[in-house]
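The values are calculated or read from the model by the stated rules, or taken from the named source; none is laboratory data. Given the structure is predicted, the values throughout are model-derived calculations rather than measurements. Positions of Cβ are backbone-derived with ideal geometry, glycine not excepted, and every protein chain shown enters the neighbour counts. For the accessible areas, the whole protein counts, side chains as well, though only heavy atoms, and no ligand, DNA or RNA atoms are used. Shrake-Rupley method; radii C 1.70, N 1.55, O 1.52, S 1.80 Å.
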Amino acid sequence: MEGISDIKIVGIDDKRPPRIRKEPYIDLFFRLSHQAPADWCSIFNNLLQKHASCAKINVNDGRFIDAWVKTPEDIPVLLALLKNKVTECSRLFIEKIELSVRNASAANAELMLGGGEQGRLNRIVAALDFSPPQSTEQ
């Protein structure tokens, strides 16, 4: 299974090759190495929401970065930017998960150390042994 840090831009969507529109704009659809989670896509979209290319990922699909440029010469510059943003997004996503885990651990520790009857109950429940009983037959 591929992880978050493995998400990379690996090419252009085969079904939607770059086309020059009459505006003149070139629509681009960059393909990711694998589907990104919705939260990852949201972070990516937030990172690029004010960028001129309007690069974004459909949060429900998570497989393509949609963007546009004005000239073909702008494509390599945009790709370099997007590659950096993908890396930054993965870093931020991992940091967010690690923070959630730390916060959950701290909250659990606080419950365990809590005073009064609730703290005592929490310590007893945490110490329960749910392993199968050992056989005493010989």
- Looking at Ala52, Asn122, Leu81, which one has the Cα that reaches farthest to the positive end of the dipole of the chain (charges on Cβ: Lys, Arg +1; Asp, Glu -1)? Ala52
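Quote the charge dipole size of the chain about the Cα centre in Debye, to the nearest 20; the model charges only the Cβ of Lys and Arg (+1) and of Asp and Glu (-1).
660
In the range 58-104, which trypsin sites (Lys or Arg not before Pro) are in a loop and have at most 13 other Cβ atoms within 10 Å, using DSSP for the loop call?
For trypsin sites (Lys or Arg not before Pro) across the range 58-104 that sit outside H, G, I, E and B with at most 13 neighbouring Cβ atoms in 10 Å, the list reads Lys70.
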- Note on the structure: Note on the chain: contact order normalised by length, alpha-carbon pairs under 8 Å, 6 or more apart, percent, works out to 20
- Message: Suppose all protein chains stay in the model; what accessible area per residue would a 1.4 Å probe give for the chain, in Å²?
- Response: 71
- Over all distinct alpha-carbon pairs, what is the Kirkwood Rh of the range 22-93 in angstrom? 12.3
- Label-point gap, in nm, between Glu95 and Ile124 - each point 7 angstrom along Cα→Cβ: 4.4
- Message: Let me check I have the definition right: for the chain, take the eigenvalues of the Cα gyration tensor, multiply each by 5, take square roots. What are those semi-axes in whole Å, largest first?
- Response: 49, 18, 11
